[in-house]
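Below is one structure, written out as structure tokens, with a few remarks after it.
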Amino acid sequence: MHKPVMLDEVIQLLSPPPGGVAVDGTVGAGGHARTLAERLGPTGTLIAIDRDTSMLDLAYQTLRDLPITLHMVHGDYRDLPAILDELGIPQVDTILIDMGVCSDQLDDPERGLAFRYDAPLDMRLDRSQSETAAHLLRRVSVGELARILRDYGGERWANPIAKAIIRRREAGRMNTTGDLVAAVLEAIPRKYQEKRIHPATRTFQAIRIAVNRELDRLQESLQAICGCLRIGGRIVAIAYHSLEDRAVKHAFRELSVRQPVHALATSKMPTATRPVLEVLTPKPLEPSDEEICQNPRARSAKLRAAQRIG
Ligand SMILES: C[S@@+](CC[C@H](N)C(=O)[O-])C[C@H]1O[C@@H](n2cnc3c(N)ncnc32)[C@H](O)[C@@H]1O
């Protein structure tokens, strides 16, 4: 079961008001959402969004006994302005975005997200999406694949791994996660294979990010999302990847300086000429050693928060 990351910090920074409206844009197993819902109380409203319908089912089990107005939405938090329009909710008090994937998804042997199970190369979070990891690996060039491994995985063996994957693909031996692990192990000389983390960790992360287009339009959408906050409302974003964290940092920073914000012209926020956000975390917060010890998957988390002021 997924443990909510930095729960105390999230709740303290969001301070969900009793009777308020909160968005959990990545509800996952519903860990953060449950505490948020308890704080909002029976007159509150929680909008719980996830791209993955199995996670929405799981979150519903976590939340169903709480007396609260609950909207469960299968969608992408990057479309929050449209989701709120559809629900007829103009503005909200708090927004939480806890990026990446849940332990429950990684632990599901059929999803193809983990190197420890041999499974079809799927990796989609939203299973209504047509492109799987198998499709992606069938169409990419060696150069494009190396770029994905380098940019999204920080993989220093990107070129040899990309070549090994394409070699296997051409021989008809790139069909399962086991084949992908084998390509990585073929490409990295044994003496350089990491002991601390599995040598295929970065490759799996990079391909998952590419399949799910996790970094596409991230900064612009985060800015548009901030337009859904009422004045005084707060947003918390937890990133697990340096490119995600950079997008959060730049989105918040751009809205916190006095300048016209053209990126928002099509969103709920009018083109602004004054600061729209106050950044509440000049540096990102990270989990304590104690939390990392209890939940090693929290180790790369970076939390940033901001408040709408204009
Ligand atoms: C780290 S988990 C969230 C865990 C959750 N906070 C909890 O306490 O259980 C991330 C979740 O976000 C979902 N997700 C990832 N990207 C998404 C997106 N762009 N829109 C909506 N959901 C997304 C994943 O399917 C996954 O369920």
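Some observations on this one:
- Where Val236 falls short, out of the listed (1) among the hydrophobic types (A, V, I, L, M, F, W, C); (2) modelled with pLDDT under 95; (3) closer than 27 Å to Leu280 by Cβ: (2)
- Only one entry in Gly75, Gly88 is within 9 Å of the ligand (Cβ to nearest atom), closer than 25 Å to Leu222 by Cα and at pLDDT 95 or above, namely Gly75.
- Those residues of the stretch 115-133 which are of a type in the set (A, V, I, L, M) and crowded, with 20+ Cβ neighbours inside 10 Å, in sequence order: Leu121, Met123, Leu125, Ala133
- Checking Cys102 against (1) crowded, with 21+ Cβ neighbours inside 10 Å; (2) within 16 Å of the ligand (Cβ to nearest atom); (3) at pLDDT 95 or above, the condition it does not meet: (3)
- Evaluation of Asp179 against (1) among the acidic types (Asp, Glu); (2) in the same structural domain as Ala237 (by TED's automatic domain parsing); (3) over 21 Å from the mean Cα position of the chain (by Cα) (one fails), failing number: (2)
- Qualifying residue in the stretch 1-14 (condition: closer than 21 Å to Asp107 by Cα, out of contact with any Pro (no Cβ under 7 Å at 6 or more places or on another chain), more than 8 Å from the ligand (Cβ to nearest atom) and touching a residue at least 24 places away in the same chain (Cβ under 8 Å)): yes
- Exactly one residue among Asp151, Asp126, Asp122 is of a type outside the set (Ser, Thr, Tyr) and in a helix (DSSP H, G or I), and that residue is Asp151.
- Selection status of Ala237, touching a residue at least 12 places away in the same chain (Cβ under 8 Å), assigned to a helix (DSSP H, G or I) and not aromatic (Phe, Trp, Tyr): no
The values are calculated or read from the model by the stated rules, or taken from the named source; none is laboratory data. Please read these numbers as outputs of a predicted model, since none were measured by experiment. As a convention, Cβ positions derive from the backbone with ideal geometry for all residues, glycine included, and neighbour counts pool all protein chains shown.
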